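These notes concern the structure reproduced below.
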Amino acid sequence: MGCKNCCSICLQCLFGYETNVMLVINNKGVGALFRLIQFMIIAYVAVYVCWIQRAYQDTDSVISSVSTKVKGNILTNTSIEGVHVWDVPEYVIPPQGEKSFFVLTNVIPTPGQTQSKCPEIPSEVTKCESDSDCIEGHTEVHGNGVQTGHCVQYSDTIKTCEVHAWCPLENDTIIPKPALLGAAEHFTVLIKNNIQYPKFNFRKRNLLHHINSTYLKNCTFDRKTDPHCPIFRLGHMVTEAGEDFSVMALKGGIIGILIDWNCDLEFPERFCIPKYSFSRLDNKNPENNVAPGYNFRFAKYYKNNKSIETRTLIKAFGIRFDVIVFGMAGKFNIVPTIVNLGAALACLSLVTAICDWVMLTCMKDRDQYAKRKFIHLNQNGDSVLLFSMETTSYGTP
């Protein structure tokens, strides 16, 4: 009999089913709080987690390559160079950049420089009265050459230390106004951008399916009429960045071409398209206007009629365009879906605990609720206080 009873108990434990008793409290205040918190959690999960964050998706970052091709010509007529036609090899420096390209807009040329001796440009450290003020072999950090130790006449009233250098020296204190190549705003650039999301084996380029050779020959990017055209007018990009091309061309600057490839791969491939925007990237703070713009120097070397090495030094001002590609792609995945669904259910389970605390702490009938919520055993029981197996439900009559 003992063995039979033992087997019966084991079967009851193995196949028995336990369920909680539902305790319904008809209190409008607690019931409203219960439903309000539930609604807030469900709304948060539905709107923010699922709709805005798309937390049910797996994501991948974009990988891209960029190539550019600038087109345009400018005719200039100056006292130094005379009539000159500038084409792409001259004003795009270097010909191929790493996701960027530079367009020359203004120049200070110093032609006919040769290796010789000449007076240094006047400054506080280069002015002199006699040879004793100049040190042979000395080099000033902001100077143009190596001092010879002689004090020579720079002008009728000023003497400076003589230097070994490329003479005549450059004088960059006067910047041409208006910009010599200000017409560069009418140049165009073709931007070819190839992107991929390796995790989803997805590849695309900004030359969309409907773009053909005929379309490319006639289109120019316009946010309203041609938002998908990959050919951009330089002046239009600068204007969209909130700048005046004629002003920016004087001393140069940096413009960012931002290509946004954020894609939801739940939708067909044709809905994944680039979005273009433009922004000035270099500092243009009027209160801290030290070293404004963008410039550098380069030289063109040649032999003169006496076979002496000669060069034309050019201080180049211009606009550098940086192509910045960014984006994220998302696609449904069961793992993040289960994780976020579990987190939502865990948050919902806290609603009962919050309402229990309010009911047992803040309500005037909290003692009455506590008697139903907890079972108090008499002194003959095995325990002084036990929690009941009742589950609380809140509602209104």
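The values are calculated or read from the model by the stated rules, or taken from the named source; none is laboratory data. Bear in mind the structure is a predicted one, so any value in this text is a computation, not a measurement. Positions of Cβ are backbone-derived with ideal geometry, glycine not excepted, and every protein chain shown enters the neighbour counts. For the accessible areas, the whole protein counts, side chains as well, though only heavy atoms, and no ligand, DNA or RNA atoms are used. Shrake-Rupley method; radii C 1.70, N 1.55, O 1.52, S 1.80 Å.
Below, the figures for the structure above:
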| read-out | value |
| --- | --- |
| Lone unmet requirement of (1) in contact (Cβ under 8 Å) with a residue 24 or more places away in the chain; (2) closer than 27 Å to residue 302 by Cβ; (3) not assigned by the TED database to the domain that holds residue 179; (4) not in a strand (DSSP E or B) for residue 148 | (4) |
| Boolean, residue 138 is open to solvent by 30 Å² or more (accessible area, probe 1.4 Å), under 43 Å from the mean Cα position of the chain (by Cα), modelled with pLDDT under 95 and of a type outside the set (Lys, Arg) | no |
| Strands (runs of 3 or more DSSP E) contained in region 202-292 and holding at least 2 residues open to solvent by 80 Å² or more (accessible area, probe 1.4 Å) and under 19 Å from residue 65 (Cβ atoms) | 202-205 |
| Of residues in region 98-114 being over 19 Å from residue 181 (Cβ atoms) and open to solvent by 40 Å² or more (accessible area, probe 1.4 Å), the one farthest from the chain's Cα centre (by Cα) | 98 |
| Unmet requirement for residue 117, which otherwise passes all of (1) touching a strand residue (DSSP E or B) at 6+ places or on another chain (Cβ under 7 Å); (2) open to solvent by less than 70 Å² (accessible area, probe 1.4 Å) | (2) |
| Search result, residues across region 120-132 that are of a type in the set (Val, Ile, Thr), open to solvent by 30 Å² or more (accessible area, probe 1.4 Å) and over 18 Å from residue 297 (Cβ atoms) | 125 |
| Subset tally (residues that are β-branched (Val, Ile, Thr) and free of Cβ contacts under 8 Å to residues at least 24 places away in the same chain) for region 67-122 | 4 |
| Test: residue in region 309-324 that is in the same structural domain as residue 175 (by the TED database), in contact with a helix residue (DSSP H, G or I) (Cβ under 6 Å, 6 or more places away or on another chain), in contact (Cβ under 8 Å) with a residue 40 or more places away in the chain and assigned to a strand (DSSP E or B) | yes |
| Enumeration of residues in region 98-116 that are on the phi < 0 side of the Ramachandran plot and not in a strand (DSSP E or B) | 98 |
| Residues located in region 186-214, provided they are of a type in the set (Ser, Thr, Tyr), more than 24 Å from residue 74 (Cβ to Cβ) and touching a residue at least 12 places away in the same chain (Cβ under 8 Å) | 197 |
| Verdict on residue 298 being among the aromatic types (Phe, Trp, Tyr) and at pLDDT below 95 | yes |
| Matching entry among 254, 273, 231 (being in contact with a Pro (Cβ under 9 Å, 6 or more places away or on another chain) and either in contact (Cβ under 8 Å) with a residue 60 or more places away in the chain or of a type outside the set (Phe, Trp, Tyr) (or both)) | 273 |
| Yes/no for residue 183 being closer than 23 Å to residue 108 by Cβ and either outside any loop (DSSP other than H, G, I, E, B) or modelled with pLDDT of 95 or more (or both) | yes |
| All helices (runs of 4 or more DSSP H) inside region 1-97 with 3 or more residues being surrounded by 13 or more Cβ atoms within 10 Å (Cβ to Cβ) and modelled with pLDDT of 85 or more | 28-43, 88-91 |
